[in-house]
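Read the structure below first, then the notes.
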Amino acid sequence: MALVTTTEMFAKALNQDYAIGAFNVNNMEIIQGIVDAAQAERSPLILQVSAGARKYARPVYLKKLVEAAVLDSDIDIALHLDHGEDFAICKQCVDDGFTSVMIDGSKHELAENIRITSEVVKYAHDRGVVVEAELGKLAGIEDAVKVDSASATFTVPEEAAEFVEKTGVDSLAIAIGTSHGAYKFKGTPYLDFERLKQIHELIPQTPLVLHGASSVLKEFVDRCNQFGGQIPGAQGVPEEMILEAVKHGVCKVNIDTDLRLAMTAEVRKYIIDHPEDFDPRKYIGAGRTAIQAMVSHKIRNVLNSSNRM
Ligand code: G3H
Ligand code: 13P
Ligand code: ZN
């Protein structure tokens, strides 16, 4: 098998009751945990790499690890750049063999976002690579883009239609109330489903992308805290809300925080439970198993993407 683009994955998922999980990867164990779960579930998969992940692991290591995962499995895997901040990083990833890139121009005014997205679309499409863009601002923190909740703005449906038409982008990340990280809501979780439906009605053929889609499951936060962590007041998007969003054009669901919590909880537990042990393979291996279990749970119960291969 070779890496694939997301075109066929999204075409199949659009308007069905399932979505493709896009999981952030930073090292070998995270990649193995995710791919082993998707392989066992026969689920298509997107592995996504942020600028921070490239800096941490170094681009060539991640690329080679993902190539190894493709050789070691027989499911469809797309390699995607998450939150590319400018043309240069998108170009680098296209040139490096990524099959999908995100240009995140959401911090710019509409006209500038359209301009840089169009530039990336032209370069990527000429080389058989697909492009995701973002319109509207999510609150939260990524390496490249920091947005506080006061300046977060939801996507305007008419602008989304104009944006897709003018840029020719393949998929669109929208802002309807999710945010990155483990602190998504102060009070009751709220997503603007009316807005999502309007966007989907105006651009029914465009796969929509939900960033900040981790659910920050209590069990994992509690386990982190039980074994020495300090993550008070964390809250994510309830999994029923993700299931609902998937019914209205959301084809790609981005999950990073839930993997971080699962891995951290298990590594913390292992180290506390085995004070005599100092073999990194033991505790990182426990973290890898936790990643696999989390991804299996998402695929089965939230994304509904099992047996789609
Ligand atoms: O959207 C953000 C992802 O969780 C990646 O986070 O920039 O810390 O790698 P990162
Ligand atoms: P979470 O922080 O909710 O996992 O979102 C990840 C994400 O959107 C990556 O682009
Ligand atoms: Zn994101």
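Odds and ends about this structure:
- Asp192-Lys55 pseudo-label distance in nm [points 7 Å out on the Cα-to-Cβ vector]: 3.1 nm
- Table column - 3J(HN,Hα) (Hz), the range 279-285, Karplus curve with 6.51, -1.76, 1.60, x for Gly and Pro: 8, x, 4, 5, 7, 5, x
- Relative to the longest principal axis of the Cα atoms of the chain, the long axis of helix 193-202 makes an angle of roughly 50 degrees.
- Take the chain with all the other protein chains still there, run a 1.4 Å probe, and you get 44 Å² of accessible area per residue.
- Here the mean projected area of the convex hull built on the C-alpha positions of the range 52-196 is 9.8 nm².
- Cut-off 10 Å between beta-carbons: net charge of the residues surrounding Cys90, Lys and Arg +1, Asp and Glu -1: -4
- Loop-located GluC sites (Glu not before Pro) in the range 44-132 whose Cβ has at most 13 other Cβ within 10 Å (DSSP): Glu109
- The Rg/Rh ratio for the range 171-304 is 1.06, where Rg is the radius of gyration of the alpha carbons and Rh is the Kirkwood radius.
- Spin-label proximity, Gln16 to the range 208-226 - amide N less than 12 Å from point 7 Å beyond Cα toward beta carbon: none
- Most positive-pole-ward Cα, Ile30, Leu14, Ala88, against dipole of the range 10-130 from beta carbon charges: Ala88
- With 25 Å as the limit, the listed pairs Lys269/Lys298; Lys91/Lys252; Lys184/Lys247; Lys55/Lys298; Lys166/Lys186 have Lys55/Lys298; Lys166/Lys186 beyond it between alpha carbons.
- Rg then Dmax, both in Å and based on the Cα atoms of the range 1-135: 14.6, 44.
- Per-residue ellipticity at 222 nm, computed for the chain from helices alone with -39500 (n - 2.57) per DSSP H run of at least four residues, works out to -14000 deg cm²/dmol.
- If the chain linking Ser306 and Leu110 were pulled fully straight, counting 0.36 nm for each residue of separation and taking away their Cα-Cα distance, it would gain 66.8 nm.
- Three principal axis lengths of the range 29-69 [C-alpha, angstrom, descending]: 31, 17, 14
- Neighbours of Gln16, meaning other residues whose beta-carbon lies under 10 angstrom from its beta-carbon, give a summed charge of +2 when Lys and Arg score +1 and Asp and Glu score -1.
- ³J(HN,Hα), Karplus 6.51/-1.76/1.60, whole Hz, each residue of the range 106-119, x for Gly, Pro: 5, 7, 8, 4, 3, 4, 6, 4, 4, 5, 6, 5, 4, 4
- Here the chain has 53 percent of its accessible surface on carbon and sulfur atoms, given a 1.4 Å probe and all protein chains in place.
- Evaluated at q = 0.23 Å⁻¹, a Debye calculation over the C-alpha positions of the range 36-102 (equal weights, vacuum) places log10 I(q)/I(0) at -0.98.
- Residues of the range 215-243 with an amide N closer than 15 Å to a point placed 7 Å from the Cα of Asp273 along the Cα-to-Cβ direction: 220, 223-228.
- Cα centroid separation, the range 277-291 to the range 52-78 (Å): 20 Å
- DSSP-defined beta bridges in the chain - what % are antiparallel, rounded to 5: 10 percent
- Relative to the longest principal axis of the Cα atoms of the chain, helix 28-41 runs at roughly 80 degrees.
- Summing charges over neighbours of Ile199, with a neighbour being any other residue whose Cβ is under 11 Å away from its Cβ, gives -3 when K and R count +1 and D and E count -1.
- Crossing angle, helix 157-167 versus the chain [Cα axis fit, 0-90 degrees, rounded to tens]: 80 degrees
- As a ratio to 2.2 N^0.38 Å, the alpha-carbon radius of gyration computed for the chain takes the value 0.95.
The values are calculated or read from the model by the stated rules, or taken from the named source; none is laboratory data. Here the structure is a predicted model, which means the values were calculated and not measured. For neighbour counting, all protein chains shown are included, and Cβ atoms are generated from backbone atoms with ideal geometry for every residue, glycine included. What goes into the accessible areas is simple: the full protein's heavy atoms, side chains included, and nothing from ligands, DNA or RNA. Shrake-Rupley method; radii C 1.70, N 1.55, O 1.52, S 1.80 Å.
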